[in-house]
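Values quoted throughout were computed directly from the atomic coordinates according to the rules given, and no laboratory measurement underlies them. Keep in mind that this is a model prediction, so the values were computed, not measured. Glycine also receives a Cβ, built like all others from the backbone with ideal geometry; neighbour counts cover every protein chain displayed.
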Amino acid sequence: MRITQYLTSKLKNFSNLPKEYIERSKKQVYWKTPTERGYLPSTVERKRYRYTTNRSWTGQFRQQNMPGTMRRKVFVEPVEDWSFFRGDRIEVLVGKDKGKQGIVTQVIPERNWVIVEGINWHYRRVGAENEFPGIIIKSEAPLHVTKDIRLVDPSDLQGTEFEWRFTEEGEKVRVSTRSGRIIPIPETNNQTHDYKTPNAYIEREKDTPAAVVGEITFQPKLSTFEMDIMEEMGIKEERTPAKSYWY
Amino acid sequence: MSSTLIKCFNVAKTVSVVAFKSLLTTPRSQLPAWSQAAVGSLQKCGVHTTAPVRHERLMEFFDDPKHWSENEVKVGRAWRPDELRIKSNKELHQLWYILLKERNMLLTMEHECDDKMEIFPNPERIDKVKISMENLETVVRERNRAYHLLETGETGERPQKQMHNAFGLRCTYKSCEHVLPPFMNTKWIKSRNLGYGGRAVHKFLLKYREKLYNVKRKAKNRSRNEVMMILRRNPHFDIELLKRKYSDVDIEKLRRTDKARGHFVPKVDG
């Protein structure tokens, strides 16, 4: 999925991290020209990353994309409108859990993946040594959105195809093609790591109260920012600047 | 100075104790009961009375000690331009220094955590402060531009223009302020190199343009390859969607190539 689509899609950023941070945290610059005169700005950096279930700001992601290593390219087919959101009930079409239904818990748009609660378990044995057999860790494997799953119609709880249509109010909605019913985007999609709903956010020590933010204190005035601050601080400037030339 | 600024946003809440409360980030939540009073007290900026002792002033570069061992220090989001546009110049001025202090503190903490092999909690705070400061600067510039355009008809920004440097590359020339007019400023006339020329520069430009062309050519090949691989993996992929995504690729032609055909036997009619 491309970034322009990501911006227009209804998918919310669960991590609630600023884009700048996400970009900065995964960046691997191998070499950069000095920021001096006489140098063309150019960088040698990692351009392609292997996205997995590990999010790009974590240490595991960095471990899987160690500087200097190359991995085979993964071809991710473009998706026009992202249609699977956190909290959606979906039906599995492939694998050992074929026909089962589950709730989407995580969305990974970089790979067109979703992770569904309790579906598609896979097991890893870790820590095995000579005598010790190791322990089994179980976790959900991701499912591909275009091939592995389909949405569930809320009217009869059966899997269905759907399409994006517009309501009379101009809102873009998912409509089940079988029953014609709207499949609403779940409220869970709006949850973030920091709060479940914006209203439920607990204000922290360094946060500005909402009313202080919304208060209008600006008064239009015929002065620049600097002139206004000088007036505020009682700084008087009576010297007239000499004639100067900009070139 | 800055503790005064902090105070003024906090008068209602704390009368004697100066609690550190910056305007770093804004939550979207409903307002707690106490902050109704804080709204009115914005103007009543308290006078800075007690000068902090020396080591305390130095400790302002560090976070609150209670956050030192934390794994997560949660804060809200950055200030948006629309929220800053409704604030007076004075408040923006105060907010700038609060943000600047916060940024200093965060960068110090990050350095210190690296030094002590500790985890610096929530490094995205640095980016949030940076975004807020960028937005604030944009708003201040907007206001100044409006004033200058109204009064003088010019933006009031530092004049700059596009020109060719000695290597024949386009670059931005930022003008400087001079006491003398250009025709009298012999030193400046001598120092500037107008235009470009010579065999070496032309040779360089030829190779430089080839490099740029190669970047473009490789990008085109890459998208062509990408379309082929998508078609090979998904023979029934939506062609219209592909055409929209990769407008520079001739998809009809690509479909007939061997590379785009998957490893399956095509259905033959009859």
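Using the Cα atoms of segment A:37-129, I'd like the radius of gyration and the largest Cα-Cα distance, Dmax, both in angstrom.
18.2, 64
Using just the helices of chain A, give the 222 nm mean residue ellipticity in deg cm²/dmol: DSSP H runs with n ≥ 4 each add -39,500 (n - 2.57), and the total is spread over all residues, rounded to 500. Before the final figure, lay out the partial values.
Details: 5 runs with 34 residues, N = 247.
When only DSSP H runs of four or more count, the value is -3500 deg cm²/dmol.
Inside 10 Å of the C-beta atoms of A:227-233, what's the mean count of C-beta atoms belonging to other chains? Each step should come with its number before you reach the end.
Numbers: counts 3, 7, 5, 0, 2, 4, 2.
For this peptide, the per-residue mean of nearby foreign Cβ atoms is 3.
If amide hydrogens are placed 1.01 Å from N in the peptide plane, which non-local residues have theirs closer than 5 Å to the one on A:Val116?
Those qualifying (amide H under 5 Å, at least 5 residues apart or on another chain) are A:Thr105, A:Leu143.
Calculated FRET efficiency, B:Lys203 and A:Lys100, Cβ-Cβ r, R0 56 Å, to nearest 0.05?
On the way: r = 67 Å, r/R0 = 1.20.
It comes out at approximately 0.25.
If you average the alpha carbon positions of segment B:219-263 and of segment B:162-195, how far apart do those two centres end up, in angstrom?
About 50 Å separates the Cα centre of segment B:219-263 from the one of segment B:162-195.
Could you check the spin-label model distance between A:Ser42 and A:Gln64? Points 7 Å from the Cα along Cα→Cβ, value in nm.
Reported label-point gap for A:Ser42 and A:Gln64 is 3.2 nm.
Karplus couplings for segment A:82-92 from phi (6.51 cos²θ - 1.76 cosθ + 1.60, θ = phi - 60°), rounded to Hz, Gly and Pro as x?
Once rounded to whole Hz, the list reads 5, 10, 10, 10, 4, x, 6, 8, 10, 10, 8.
In this model, which of A:Lys19/B:Lys259; A:Lys47/B:Lys66; A:Lys32/B:Lys161; A:Lys73/B:Lys253 are farther than 32 Å apart at the alpha-carbon?
Where the Cα-Cα span goes over 32 Å, the pairs concerned are A:Lys19/B:Lys259; A:Lys47/B:Lys66.
In a solvent-free Debye calculation with one equal scatterer on each Cα, what is log10 I(q)/I(0) for chain A at q = 0.08, 0.14 Å⁻¹, listed in the order of the q values?
-0.55, -1.13
Starting at the first residue of segment A:110-118, write each ³J(HN,Hα) from the Karplus equation 6.51 cos²θ - 1.76 cosθ + 1.60 with θ = phi - 60°, in whole Hz, x for Gly and Pro.
Working through the residues one at a time gives 5, 10, 6, 10, 10, 10, 10, 4, x Hz.
Check A:Ile149: other-chain or 5+ apart residues with amide H under 5 Å from its amide H, H built from backbone geometry?
A:Leu93
Gap in Å between the Cα centre of segment A:13-48 and the Cα centre of segment A:162-221?
Segment A:162-221 and segment A:13-48 have Cα centres separated by 31 Å.
When the convex hull of the Cα atoms of the protein assembly as shown is projected onto a plane and the area is averaged over all directions, what value comes out in nm²?
Mean projected area of the Cα convex hull: 39.7 nm².
With a 10 Å cut-off between alpha carbons and a GNM built on chain A, which of A:Glu203, A:Glu117, A:Glu237 moves the most?
A:Glu237
For segment B:139-270, what does the convex hull of the Cα positions come to per residue, in cubic angstrom?
On the way: hull volume 28.4 nm³, N = 132.
It comes to 215 Å³ per residue, whole-number rounded.
Regarding segment B:199-255, what is the average projected area of its C-alpha convex hull, in nm²?
Numbers: hull surface 17.6 nm².
Averaged projected area of segment B:199-255's Cα convex hull equals 4.4 nm².
Would you mind classifying segment A:102-180 by shape? Square roots of the alpha carbon gyration tensor eigenvalues, ordered a ≥ b ≥ c; an a/c under 1.5 is rounded, otherwise it is prolate if a/b is larger than b/c and oblate if not.
Numbers: a/c = 4.42, a/b = 2.98, b/c = 1.48.
Taking the square roots of the gyration eigenvalues as a ≥ b ≥ c, segment A:102-180 is prolate.
Segment A:147-186: Rg/Rh from Cα coordinates, Kirkwood Rh? Show your work: numbers first, answer last.
On the way: Rg = 10.2 Å, Rh = 10.5 Å.
Result for segment A:147-186 is an Rg/Rh of 0.98.
Per residue of segment A:147-155, what does 6.51 cos²θ - 1.76 cosθ + 1.60 with θ = phi - 60° give for ³J(HN,Hα)? Whole Hz please, x for Gly and Pro, Karplus curve as stated.
After applying 6.51 cos²θ - 1.76 cosθ + 1.60, I find 10, 9, 9, 9, 6, 10, 6, x, 6 Hz.
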